[in-house]
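Read the structure below first, then the notes.
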Amino acid sequence: MVDIKSLNMEELNEFILSLGEKKFRAKQIYEWMHVKLAGSFDEMSNISVALREKLKSECAYTKLEPVQVLTSAVDGTKKYLFQLSDGNVIESVLMRYHHGNSVCISTQAGCRMGCKFCASTLDGLERNLLPSEMLDEIYSIQRDIGERISNIVLMGSGEPLDNYDNVVKFLELISDENGLNISQRNITLSTCGLVPRIYELADRNMQITLAISLHASNDDTRKELMPVARSYSIEEILKACRYFFEKTGRRLTFEYSLVAGVNDNVEGAEALGSLLKGMNCHVNLIPVNPIKERDYKQSDKKAIERFKGKLEKYGMNVTVRREMGRDINGACGQLRKSYKETVGLAEGER
């Protein structure tokens, strides 16, 4: 079966011609899928019934259905749990800001990176998501709220660069002027630092923002928090980041989750300032979200402000991420994990 929603315009043209249809039908179908956000072939009213039936027999049409939607009573953040066609579940988060609606999407069902403070990785990697599935996380939310999505963050469950080909295809489709046409400058891709893929992404010269999950100022601490640090040193990651900036001209973001007593001391801040000094970058400090499977605790406000102030003395542009959706398991992997546990318990009781 052809995954029709993952085809770009050129590929769709070829496919429609192979069915013996006129080329203009491809443009109509593309518009139904990526602009009008049709939920099925049956909604494509200017496509003949015969062609719709042919498409049904030849193609898989991805449409994600939410199995759970939680809305924060604190800030209006909405968390969606979507079920995939094979029964896997993934999460997406809608965050409303004054500058527009932002959606944080998953790129994999689960994750194999093993970062110690993240719930996404606790059950390992189930599988990569297809471009159509990543697209429909956004399309489903836009259909639900009836408002345009203007910003996208690839920071949900999964490591985007571990699903490189599908993620690149997704980025091309979501920013295509014939589709939703979301500017690449409004898209952030967060990675734990798969160095070879950073170089590959840089060579594509996409205008996205690259966010590096750094979380430590030395390799030993980083290895304690993130197994990927055993493969790539901080020095190697920063070298790749400089290359990314040279190729794209896009300022880098460094994500730093503050864990009490682990990476939030003044010495760590000074070391981080020294590492990043002179780079065109922004540092995003994240008070770590506690998860029940780990004993990591969030740094207190005093430690966070002290860390931030020390970095600013190095000329860094620093922000502290505003916590959103905390009351609805807003952090990566938390809702998916609790849902799987609940379903598992229910099945065990049968």
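Each value in this text was obtained by applying a stated rule to the coordinates, not by laboratory testing. From a predicted model like this one, the values you see are computed outputs, not experimental measurements. With ideal geometry, Cβ positions are generated from the backbone for all residues, glycine too; neighbour counts draw on all protein chains shown.
Working out 0.36 nm times the residue gap between Asn8 and Asp144, then minus their Cα-Cα distance, what length gain in nm do you get to one decimal?
46.5 nm
Quantify how much of the Cα-Cα distance distribution of segment 1-138 extends past 21 Å, in percent.
52
Give the calculated FRET efficiency between Lys301 and Glu235 to the nearest 0.05, with a Förster radius of 30 Å applied to their Cβ-Cβ distance.
The calculated FRET efficiency here is 0.40.
Normalised by the number of residues in segment 156-312, what is the relative contact order in percent for Cα pairs under 8 Å and 6+ residues apart?
Relative contact order here is 19 percent.
Under 8 Å for C-alpha pairs, at least 6 residues apart: give me the relative contact order for the chain, rounded to a whole percent.
For the chain, the relative contact order is 15 percent.
By DSSP, what percent of the beta bridges with both residues in the chain are antiparallel, rounded to the nearest 5?
Approximately 45 percent, going by the DSSP bridge assignments.
Round to the nearest 0.05 the FRET efficiency obtained for His99 and Glu65 when R0 = 30 Å and r is the Cβ-Cβ distance.
Efficiency, rounded to the nearest 0.05: 0.55.
For segment 149-241, state which GluC sites (Glu not before Pro) are in a DSSP loop and have at most 15 other beta carbons lying within 10 Å of their beta carbon.
Glu177
Given contacts defined as C-alpha pairs under 8 Å and at least six residues apart, what's the relative contact order of segment 1-143, whole-number percent?
Relative CO of segment 1-143 lands at 18 percent.
Test of the criteria: in segment 81-168, which trypsin sites (Lys or Arg not before Pro) are in a DSSP loop and have at most 12 other Cβ atoms within 10 angstrom of their Cβ?
Sparse-neighbourhood loop trypsin sites (Lys or Arg not before Pro): Arg148.
Select from Gly100, Gly20, Gly179 the residue whose mean-square fluctuation is largest in a Gaussian network model of the chain (Cα-Cα springs shorter than 10 Å).
Per the Cα network of the chain with a 10 Å cutoff, Gly20 tops the list.
Check the straight Cα-Cα distances from Lys310 and name the lysines below 19 Å, setting aside those fewer than 8 residues away within the same chain.
Lys277, Lys301, Lys302
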